[in-house]
1. Is the C-alpha gyration tensor of segment 40-321 telling us rounded, prolate or oblate? Criteria: a/c under 1.5 is rounded; beyond that, a/b larger than b/c is prolate, otherwise oblate.
2. Order by neighbour count: 97, 73, fewest other Cβ atoms within 10 Å first, most last.
3. With the cut-off at 1.5 for a/c, could you classify segment 75-196 from its C-alpha gyration tensor as rounded, prolate or oblate?
4. Which distance in nm do the two modelled labels at residue 302 and residue 194 give, with both placed 7 Å along the Cα-to-Cβ direction?
5. Would you mind putting 52-65, 296-309 in packing order, based on average other-beta-carbon counts within 10 Å, highest first?
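None of the figures in this text is laboratory data; all of them are computed from the coordinates on show. No experiment lies behind these values; they were computed from the predicted model shown. When we count neighbours, we look across all protein chains shown, and the Cβ atoms used for this are built from the backbone with ideal geometry, even at glycine.
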């Protein structure tokens, strides 16, 4: 006798199989996890943009692993709420909020001045904060916002902290870039997007700048015990897409997001490559590289242009008014 199950049973079974497949796809697309039990008890870690998204998850995991975490954020009230959450969850009371508005180089300098007075060492600097495809606007110094926040401010921050990083060596610098650097071009004739502004092109340029900065800084830091690496965190569901109106539209919410959900990472999964680059013991002497999915990857050809990296460094020195005596300018 052949049993013919009711259609509703067949439907439920098919739905269960489909749902299971979706979850497996979601897990696979989430990328690799950093699972090493590395502890960083007593080490000092700075994470920019750490009150939300990837930065928040990075700060949380660093605190869980015993670090003293400095949350460098623009919004003090949001940072304090995030800090309280981390402290309660990790039972690590050594988590601090410090104001650092990356759209103001003066704010960056003030942050470093306070940090240097309060802290004797710096073991890991994670340049995580960023803006993406925003309407054209300028930093307080008149720099196009994406280039200013994503590159120039982190360039200045890193250089002003180098003395502390070198004295604490072995230490690490992590620059959160993006696969978007592969579509990037450093526009030497219109670096500040004054003649023409395209939000996507400006973002891609800023992410390529992260890669070139990493490359040149690694060269300058040879022999110091300080490593610097860049990474792509994956396509992550964070506030960084808030300026992309298409993805925040009613149409997208109904017809697009449900289908791309399985391909987009959570902030916690997006933080995995950052944690890998900052903590994996095998990378202690690895520098000037680019990572994705907890593995070394090749950067785009324009990201290997040493002449462009040197040119961008010199321009960045001028635009940030970096004192050669305070960084790696010479």
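1. It is rounded, given that a/c, with a ≥ b ≥ c, falls under 1.5.
2. Result, fewest neighbours first: 97, 73.
3. Prolate is the answer for segment 75-196, as a/c is 1.5 or above and a/b outweighs b/c.
4. Once both label points are built, they end up 2.1 nm from each other.
5. Peptide ranking by packing, descending: 52-65, 296-309.
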